[in-house]
1. Please state which of the following conditions GLU197 fails to meet, knowing it meets all the rest: (1) in contact (Cβ under 8 Å) with a residue 40 or more places away in the chain; (2) farther than 19 Å from VAL297 by Cβ; (3) not hydrophobic (A, V, I, L, M, F, W, C).
2. How many residues does region 306-319 contain that are in contact (Cβ under 8 Å) with a residue 12 or more places away in the chain and either under 22 Å from SER273 (Cα atoms) or among the β-branched types (Val, Ile, Thr) (or both)?
3. Could you go through region 109-117 and let me know if any residue there is in a strand (DSSP E or B) and crowded, with 16+ Cβ neighbours inside 10 Å.
4. Could you grab me the full set of residues in region 85-96 that are part of a helix (DSSP H, G or I), in contact with a Phe, Trp or Tyr (Cβ under 8 Å, 6 or more places away or on another chain) and in contact (Cβ under 8 Å) with a residue 60 or more places away in the chain?
5. Identify, from the list TYR468, TYR479, TYR396, the residue that is among the hydroxyl-bearing types (Ser, Thr, Tyr) and buried (at least 23 other Cβ atoms within 10 Å of the Cβ).
6. Within region 240-291, which residues are buried (at least 24 other Cβ atoms within 10 Å of the Cβ) and acidic (Asp, Glu)?
Amino acid sequence: MLGFSSLQIFALSLTIALVGGGGVVVCHGTATYTRNDFPANFVFGAGTSAYQVEGAANEDGRTPSIWDTFAHNVYPQGDNGDVASDGYHKYQEDVQLMANMGLDAYRFSISWSRLIPNGRGPVNPKGLEYYNNLINGLLKHGIQPHVTLVNYDHPQALEDEYGGWVSRKMVKDFIQYADVCFKEFGDRVQYWTTVNEPNIFGDGSYDAGIAPPQRCSPPFGITNCTRGNSSTESYLVVHHILLAHASVVRLYRENYQTKQHGFVGLTIYTYFSVPYTDTKEDIIATQRANDFLFGWVLDPLVFGDYPKSMKKNAASRIRTFTKLESEMVKGAFDFIGVIHYCTFMIKDDPTNLMTEVRDFTMDKAVKVIRDYDLSDGLPIRPWGLEGVLEYLKQSYGNPPVFVYENGLQTQRTSSLEDNSRVEYIQAYIGGVLNALRNGSNTRGYFVWSFLDVFELLGGSTTTAGLVYVDMDDTKLKRYFKYSAHWYSQFLKGKSKLDRQQVIEFAENLLSIN
């Protein structure tokens, strides 16, 4: 277990501010800044993922992924990604919107079941053509592609055959899939992410059962899973993902990196953990929470093994790396992708292993205290993202970092006046700037999401997009929201914009028929 760090002291001071006064202090980034305050090579972008944006679920040889199956079984009738935002057909229009907005980069994922429909074997020519066209279109407009290989959507064929990530067979098939991607697209793609947020994928998909492939078991599963083991499978899945990731990094470094000059990383889901009180117990509990959130993935990549607190609490359920596996996993990354939305307070709770919020809490005996209602949107606490970046700097040697997801999800509405999203994004970019000034090795910031997409937990009822997609229009017409105008003006060198300025920019809304 790591010793008490300056970050924990920092977190403690924040706790006093949050709790000591009897109320909640919502911190907003009010300082004025411009893009020129960031390093010249700092990248600003936005992102989506394949199932959430592409649609065309049954076209041109694509087969179902586990997310297709999940959506058709779990979401309300008719609410699924079969059409989504129709990015498969409208990618040229979307790339033009990105260019008009001024994005440096676009983060997207490849649908494994579109590129290799059976999970292994022949490449689908239509899938290959689509991704080549998308990548070429981005580069034509000077937009850097950042590509994720798997985002909750491995082929259903592999899930049916051997259970997907619960089987070690998945490692071999994933390596072969990655090899195809490097071979076909690596001459133009420099930034690769292997698997999106394996820590939350392991917990949400194989413990709580709230995400595809919906595996869990009583009494831990939140949904009515029909298969799985909540006590063991999340550890098994993340272990296999780490082995697959490390194998793919080795493949890239040995066969492609010298010629293609690219980088391979892994993303982690993060929240900033703040001790609920200044007691020793809550401070230690906060470190346990960090071990189960960050350390689950990052300790093996940086130190070659899982955190001691995880091995103590999870005991025989957590897997063991052989000496050769440890050597392969250690150092197997060129950058870390960060996904961050919110901050939680942590309280020691040794008598209760079930908690209010199921975020990596089953084995570490802590209570996660959330002092807000998600239905009302997330509070603006940019110091949380700043704290995450500081934690990575202090605990893991300040690796290169891309903030790959940060944004505000709200209930879907036809209104383009998303002032809360403007305020949220403006504040968190300010938090990143503060982290940079404090020595963080952060290289880029990406808003989630570029346009309205099919959300993992909210389906079509929620939205985080900068660009509104009119789902009632057969052409799925796109419009810039106020947040898109604010972001565009920031990217073009303007300073902080007040509400009236945003309204002025929104008067001539950009749309593509």
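1. Condition not satisfied by GLU197: (2).
2. Taking region 306-319 as the starting set, the residues that turn out to be in contact (Cβ under 8 Å) with a residue 12 or more places away in the chain are 306-310, 313-314, 317-319.
Adding the requirement that they be either under 22 Å from SER273 (Cα atoms) or among the β-branched types (Val, Ile, Thr) (or both) leaves 306-310, 313-314, 318.
Looking only at that region, the number is 8.
3. First pass over region 109-117, keeping only residues in a strand (DSSP E or B): 109.
From the residues that got through so far, the ones that are crowded, with 16+ Cβ neighbours inside 10 Å too are 109.
Yes, region 109-117 has at least one match.
4. ASP94
5. Values: TYR479 fails: buried (at least 23 other Cβ atoms within 10 Å of the Cβ); TYR396 fails: buried (at least 23 other Cβ atoms within 10 Å of the Cβ).
Residue meeting the stated conditions: TYR468.
6. The answer is ASP291, and nothing else.
One line per residue, one yes/no per condition, for (1) surrounded by 17 or more Cβ atoms within 10 Å (Cβ to Cβ); (2) of a type outside the set (A, V, I, L, M, F, W, C); (3) out of contact with any Gly (no Cβ under 6 Å at 6 or more places or on another chain); (4) without any contact (Cβ under 8 Å) to a residue 24 or more places away in the chain:
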| residue | (1), (2), (3), (4) |
| --- | --- |
| PRO145 | yes, yes, yes, no |
| LEU149 | yes, no, yes, no |
| GLN156 | yes, yes, yes, no |
| GLU159 | yes, yes, yes, no |
| ARG168 | no, yes, yes, no |
| GLU184 | yes, yes, yes, no |
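Per-residue answers, yes or no, for (1) more than 20 Å from GLY45 (Cβ to Cβ); (2) of a type in the set (Phe, Trp, Tyr); (3) touching a helix residue (DSSP H, G or I) at 6+ places or on another chain (Cβ under 9 Å):
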{"residue": "TRP67", "(1), (2), (3)": "yes, yes, yes"}
{"residue": "SER85", "(1), (2), (3)": "no, no, yes"}
{"residue": "GLN92", "(1), (2), (3)": "no, no, yes"}
{"residue": "ASP104", "(1), (2), (3)": "no, no, yes"}
{"residue": "PHE108", "(1), (2), (3)": "no, yes, yes"}
{"residue": "TYR131", "(1), (2), (3)": "no, yes, yes"}
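The values are calculated or read from the model by the stated rules, or taken from the named source; none is laboratory data. The model shown is predicted, which means the values in this text are computed figures rather than measured ones. Cβ coordinates were reconstructed from backbone atoms using ideal geometry, including for glycine residues, and neighbour counts include every protein chain displayed.
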